[in-house]
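Where a number appears in this text, it was derived from the coordinates with a stated rule and is not lab data. Quantities reported herein were computed from a predicted structural model and do not represent experimental measurements. For neighbour counting, all protein chains shown are included, and Cβ atoms are generated from backbone atoms with ideal geometry for every residue, glycine included.
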Amino acid sequence: MATVDAGRSAEHDEAVTSDDSANAGTPRRATPADAATVAQLLHDFNTEFETPTPGTAELTSRLSLLLAGDDVVIDGEDIDARRFYEARGFSNTEPNGTEPMLYYYREL
């Protein structure tokens, strides 16, 4: 695999296609096909801020599952949205955890 100066793979830098650039101003929901790109971004962010990271392979695996599901990302201060998703079986804490996460998920 070829590498670039920042230590990222050349494959990562070419993940944005000409089709993506045509819609650059239009946000879209990430899909499982985006998992490797999102994993690289998260890994790079964690590394830059000296935060532990499981590595891009593990993050890609986790994100592939999350992006395929019905997980919901909401603003932590949006109490009505939190009530809505919690009433439908979503959770924003990991099993046996107490710290809230910045997304909601439902066990499959």
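Worth a mention:
- Neighbour counting of Cβ atoms within 10 Å sorts the residues PHE84, PHE90, PHE49, fewest neighbours leading, into PHE49, PHE84, PHE90.
- Report note on the peptides 94-101, 27-34: ranked by the mean count of other C-beta atoms within 10 Å, highest first, their order is 27-34, 94-101.
- In this structure, GLU99 and ASN46 have a Cβ-Cβ separation that, at R0 = 22 Å, corresponds to a calculated FRET efficiency of about 0.85.
- Modelled spin labels at ASP70 and PHE84, positioned 7 Å past Cα toward Cβ, are 1.4 nm from each other.
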